[in-house]
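Trainee: One structure is given below, represented as structure tokens, and several questions about it will come after.
The values are calculated or read from the model by the stated rules, or taken from the named source; none is laboratory data. All figures in this text were calculated on a predicted structure; none of them were measured in a lab. Cβ coordinates were reconstructed from backbone atoms using ideal geometry, including for glycine residues, and neighbour counts include every protein chain displayed. For accessibility, only protein heavy atoms count, side chains too; no ligands or nucleic acids. Shrake-Rupley method; radii C 1.70, N 1.55, O 1.52, S 1.80 Å.
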Amino acid sequence: MTLPTPLPAWAQLQSLAGAAQPHLRELLPADTGRAERMALRAAGITLDASRQRVSPAIQQALLALAEQAGVAARRDAMFRGEPINTTEGRPVLHVALRGDPLHTGPWGADVQKAVQVELARVCDFAEALRAGTVRGHSGEAITDVVNIGIGGSDLGPRMAADALAHLAHPGVRVHYVSNPDAWALWSVLRGLDAARTLFIVSSKTFTTQETLTNAASARRWLSDHGCPAEAVGRHLVAITASPAQAAKLGYPAERTFLFWDWVGGRYSVWSALGLPLAIAIGTEHFRLFLAGARAMDEHFCSAPLAQNLPVQLALNGIWNRNFLGLPTQLIVPYASRLVRFTPFVQQMDMESNGKRTHTDGTPATVDTGPIVWGGLGIDGQHAYFQLIHQGRHTVPVDFIGVQNEDTPLPLAATHHEVVNLNLRAQAEAMARGRSLADTQALLQKDGMSEADARATAPHRSFEGNIPSHILWLDRLDPSRLGALIALYEHKVFTQAAIWRINAFDQWGVELGKTMAKAMEQAAR
Ligand code: F6P
């Protein structure tokens with residue numbers, strides 16, 4: 001096993017980081033071919049990486065790092081179903097969930113068959129519900145679905161449902177409850193008719209305290225609102241990798257949809273856990289969502305490292321994290337339907353790569369996963385962007401924009417122009433900044449006295465040199481959304497491969513859970 005620091009490319013990158021690099025303000029106008037050279041395209045997404053602080057020599061050294069770390073071999077091992085999640089002795093095969101239904105992938109026939117059988121069950125149930133043939137205890141069609149789950153059993157389908165809200169079924173509403181605070185459940189239930197409500201209890205383990213608390217409360221609400229005990233199963237669905245656990249709690253087998261221990265919770269939106277999404281957008285769109293992710297998988301597996309979009313995103317992140325010493329990563333979508341995208345990636349990245357131990361059990365010798373944060377960019381501009389522009393932290397940014405939008409509002413095109421102009425302006429402002437001298441000159445040109453301009457300029461100048469990516473989606477539809485999620489999954493994978501950490505366990509969440517259980521028992 002190769003740890004990162006002994007790799008020749010690591011030392012080379014360290015020495016490149018020690019040498020003076022031009023400011024983006026000088027680099028961008030001087031290197032006119034940069035934008036074209038640093039643009040990559042795959043699966044309906046275009047990456048503009050021209051505002052990263054990387055020279056051709058740094059790019060070469062980063063590519064050498066990926067090669068020396070054996071990223072391609074590790075990627076292939078994942079797709080073949082080797083047990084790369086070593087601390088749990090499991091394969092990692094969320095990619096099989098979106099595999100070509102007609103051709104078995106490298107994961108083999110058994111996995112292929114299990115996936116397709118379960119996908120068909122999920123799709124049949126979703127379509128029956130959308131058609132009004134799934135009925136509650138009184139014979140009325142289900143009109144409201146409440147997904148109860150937390151973390152990976154909530155964030156993925158909830159984020160995707162918002163992103164694809166324009167495709168939502170007009171007669172079936174899907175709600176999400178994750179927090180066990182009673183208000184979270186109550187504020188959804190108080191508007192619902194129990195006879196027409198279905199609860200989906202989503203939990204890989206089916207032991208998560210928060211989810212089971214909400215699920216028990218939902219069942220009590222059903223019976224308090226007239227659902228006879230023998231008919232409660234008509235209002236319940238379980239989605240889990242632990243069907244025995246669900247059965248123990250009384251969830252009927254025919255309403256239990258399965259996934260497997262080789263699907264991490266934060267990588268599970270492609271599995272049966274996508275049922276609430278499939279109900280909302282329909283199974284044709286759900287399959288397009290899977291196909292979009294598959295297109296990104298194919299690109300990840302076949303494109304040379306230099307043209308590989310997830311690899312490039314990962315390598316620039318490594319340059320920022322390990323060689324420029326920047327500990328956070330801001331993600332700012334400029335499409336309001338992507339309102340939950342950042343929290344989703346936050347779990348995917350931080351739960352995967354927030355590790356301090358190499359896969360061989362030795363303490364990590366390099367910085368690993370960054371602090372991922374953010375939210376809608378336009379709103380951020382009027383809030384925390386002040387700190388990005390003039391604070392003491394340098395924060396790398398991923399801007400996410402949408403090229404074509406067709407919201408049916410008369411002035412939609414104007415809205416869209418405002419949004420995308422702002423995205424471009426922010427990326428430029430962060431990269432170039434405005435020097436003290438330029439600021440002073442500008443203020444004087446605007447009529448300020450030389451003395452006042454000199455005094456004011458420090459407050460109104462901008463360091464700039466803030467590295468960013470822009471990811472342009474052709475449009476925000478199921479297949480591009482699938483591709484965007486897969487892009488971040490593979491970015492996280494690539495970084496973990498270079499850092500030599502296990503991206504697929506999450507022991508860090510255990511201690512708090514154990515303590516909460518112990519406190520619960522002590523209080524009884
Ligand atoms: O506590 C973290 C975590 O284990 C996540 O990894 C997971 O997505 C979430 O809890 C929910 O777990 P489950 O699906 O088993 O209820």
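Trainee: Please state which one of 105, 81, 70, 151 is of a type in the set (Gly, Ala, Ser), open to solvent by 10 Å² or more (accessible area, probe 1.4 Å), in contact with a Pro (Cβ under 6 Å, 6 or more places away or on another chain) and over 30 Å from residue 230 (Cβ atoms).
Mentor: When all the criteria are applied, what remains is 81.
Trainee: Just name the residue that is farthest from the ligand (Cβ to nearest atom) out of those in the range 196-216 that are within 27 Å of the chain's Cα centre (by Cα) and without any contact (Cβ under 8 Å) to a residue 40 or more places away in the chain.
Mentor: 213
Trainee: Something else now. Residues of the range 251-278 being within 16 Å of the ligand (Cβ to nearest atom) and outside any loop (DSSP other than H, G, I, E, B), which ones?
Mentor: Passing the criteria: 256, 257, 258, 265, 266, 267, 272, 273, 274, 275, 276, 277.
Trainee: If we scan the range 180-195, do we find a residue that is within 23 Å of residue 376 (Cα to Cα), more than 16 Å from the ligand (Cβ to nearest atom) and open to solvent by less than 10 Å² (accessible area, probe 1.4 Å)?
Mentor: There is no residue in the range 180-195 that is within 23 Å of residue 376 (Cα to Cα), more than 16 Å from the ligand (Cβ to nearest atom) and open to solvent by less than 10 Å² (accessible area, probe 1.4 Å).
Trainee: Let me ask you something else. Could you go through the range 332-343 and let me know if any residue there is aliphatic (A, V, I, L, M), out of contact with any His (no Cβ under 8 Å at 6 or more places or on another chain) and in a loop (DSSP other than H, G, I, E, B). Full working, then the answer.
Mentor: Restricting attention to the range 332-343, the residues satisfying the condition of being aliphatic (A, V, I, L, M) are 332, 335, 338-339.
Within this subset, residues satisfying the condition of being out of contact with any His (no Cβ under 8 Å at 6 or more places or on another chain) are 332, 335, 338-339.
Narrowing the set further to residues that are in a loop (DSSP other than H, G, I, E, B) leaves 335, 339.
Taking every residue of the range 332-343 in turn, at least one turns out to be aliphatic (A, V, I, L, M), out of contact with any His (no Cβ under 8 Å at 6 or more places or on another chain) and in a loop (DSSP other than H, G, I, E, B).
Trainee: Somewhere in the range 119-131, is a residue surrounded by 19 or more Cβ atoms within 10 Å (Cβ to Cβ) and touching a Cys at 6+ places or on another chain (Cβ under 9 Å)? Steps first, please.
Mentor: We begin by selecting, within the range 119-131, every residue surrounded by 19 or more Cβ atoms within 10 Å (Cβ to Cβ); these are 119, 122, 125-126, 129-130.
Now drop any that are not touching a Cys at 6+ places or on another chain (Cβ under 9 Å), which leaves none.
There is no residue in the range 119-131 that is surrounded by 19 or more Cβ atoms within 10 Å (Cβ to Cβ) and touching a Cys at 6+ places or on another chain (Cβ under 9 Å).
Trainee: How many residues does the range 196-215 contain that are part of a helix (DSSP H, G or I), open to solvent by less than 60 Å² (accessible area, probe 1.4 Å) and farther than 18 Å from residue 136 by Cα?
Mentor: Qualifying residue count, the range 196-215: 3.
Trainee: I'd like to check something: does the range 430-448 contain any residue that is more than 24 Å from residue 26 (Cα to Cα), charged (D, E, K, R) and open to solvent by 60 Å² or more (accessible area, probe 1.4 Å)?
Mentor: yes
Trainee: A follow-up question, please. Kindly list the number of the only condition in (1) open to solvent by 30 Å² or more (accessible area, probe 1.4 Å); (2) touching a Ser or Thr at 6+ places or on another chain (Cβ under 6 Å); (3) more than 22 Å from residue 482 (Cβ to Cβ); (4) not aliphatic (A, V, I, L, M) that fails for residue 135.
Mentor: Only one criterion is unmet by residue 135, namely (2).
Trainee: Another question, if that's okay. If you go through the range 496-504 one residue at a time, do you hit one that is under 30 Å from residue 28 (Cβ atoms), open to solvent by less than 50 Å² (accessible area, probe 1.4 Å) and not hydrophobic (A, V, I, L, M, F, W, C)?
Mentor: No, the conditions are met nowhere in the range 496-504.
Trainee: Those residues that are outside any loop (DSSP other than H, G, I, E, B) and in contact (Cβ under 8 Å) with a residue 60 or more places away in the chain, I need them from the range 355-393; list them, please.
Mentor: 357, 388, 389, 390, listed by residue number.
Trainee: Identify the single condition in (1) buried (at least 24 other Cβ atoms within 10 Å of the Cβ); (2) assigned to a helix (DSSP H, G or I); (3) aliphatic (A, V, I, L, M) that residue 291 does not satisfy, given that it satisfies every other one.
Mentor: Checking residue 291 against (1) buried (at least 24 other Cβ atoms within 10 Å of the Cβ); (2) assigned to a helix (DSSP H, G or I); (3) aliphatic (A, V, I, L, M), the one that fails is (1).
Trainee: Is it the case that the range 217-228 has a residue that's assigned to a helix (DSSP H, G or I), aromatic (Phe, Trp, Tyr) and touching a residue at least 24 places away in the same chain (Cβ under 8 Å)?
Mentor: Our first condition is that a residue be assigned to a helix (DSSP H, G or I); within the range 217-228, this holds for 217-224.
The next check asks that each one be aromatic (Phe, Trp, Tyr); those that pass are 221.
Still in the running and touching a residue at least 24 places away in the same chain (Cβ under 8 Å): 221.
Within the range 217-228 (the criterion being assigned to a helix (DSSP H, G or I), aromatic (Phe, Trp, Tyr) and touching a residue at least 24 places away in the same chain (Cβ under 8 Å)), the answer is yes, since at least one residue qualifies.
Trainee: Picking from 281, 239, which residue would you name as being under 30 Å from residue 481 (Cα atoms), surrounded by 19 or more Cβ atoms within 10 Å (Cβ to Cβ) and within 16 Å of the ligand (Cβ to nearest atom)?
Mentor: 239
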